[in-house]
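The values are calculated or read from the model by the stated rules, or taken from the named source; none is laboratory data. A quick note: this is a predicted structure, and the numbers were derived from the prediction, not measured. All Cβ positions, even for glycine, are placed from backbone atoms using ideal geometry, and neighbour counts span all protein chains on display. In case anyone asks, the SASA skips ligands and DNA or RNA and just uses the protein heavy atoms, side chains included. Shrake-Rupley method; radii C 1.70, N 1.55, O 1.52, S 1.80 Å.
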Amino acid sequence: MTYERDRMGREKRTIAAMVGIFCSGNHGSTGVLCGNCREMLDYALARLEKCPFGAEKGPCSKCEMHCYKPAMRDKVRLVMRYAGPRMLKKHPILAVKHLLYGRG
Ligand code: SF4
Ligand SMILES: [Zn+2]
């Protein structure tokens with residue numbers, strides 16, 4: 001697998017880790033996401049899967065297309081704000097990549 005092709009996989013792992021941090025910190029989950037967060041993660045993963053830019057995509061936060069529906073975009077933004085700084089402790093490697101690629 002090439003570096004570029006793995007980028008999508010890394011983005012998926014990053015968003016999954018961030019939603020996990022957000023859910024355990026705000027909804028008391030331990031290992032399994034609550035229903036709302038599961039729905040949000042599934043939505044974000046589906047958007048990534050269908051992203052027209054594919055492996056060439058940049059950060060969603062800088063995307064002109066903004067394929068997220070507004071309500072989901074707001075939720076994901078909250079997750080990023082909460083989980084971003086905490087990622088540095090829990091998943092330093094993913095966090096560094098995340099900071100490089102932007103804040104979703
Ligand atoms: S917001 Fe833009 S970059 Fe992000 S998944 Fe949607 S189309 Fe792709
Ligand atoms: Zn939750």
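Values for this structure:
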item: Calculated from backbone phi, Karplus (6.51, -1.76, 1.60) coupling profile of the range 27-38 in Hz, x at Gly/Pro; result: 10, x, 6, 10, x, 10, 5, 6, x, 5, 5, 4
item: Cα-centre dipole for the chain with unit charges at Cβ (Lys and Arg positive, Asp and Glu negative), debye to 20; result: 260 debye
item: Surface per residue (accessible, 1.4 Å probe) for the chain, Å²; result: 62 Å²
item: Largest-first ordering by accessible area, 1.4 Å probe, given options His66, His27; result: His27, His66
item: Size-normalised alpha-carbon gyration radius of the chain, reference 2.2 N^0.38 Å; result: 1.01
item: Asp74 accessible area, assembled protein chains, probe 1.4 Å, Å²; result: 90 Å²
item: Unpartnered cysteines - no second Cys beta carbon under 4.7 Å - across the chain; result: Cys34, Cys51, Cys60, Cys63, Cys67
item: Degrees separating the helix 92-101 axis from the principal Cα axis of the chain, which is the longest one; result: 50 degrees
item: Dimensionless Rg over Rh [the range 6-64; C-alpha; Kirkwood]; result: 1.02
item: Accessible surface of the chain [probe 1.4 Å, protein heavy atoms]: carbon and sulfur percent; result: 57 percent
item: With DNA, RNA and ligands ignored, accessible area of Ile21 (1.4 Å probe; Å², nearest 10); result: 10 Å²
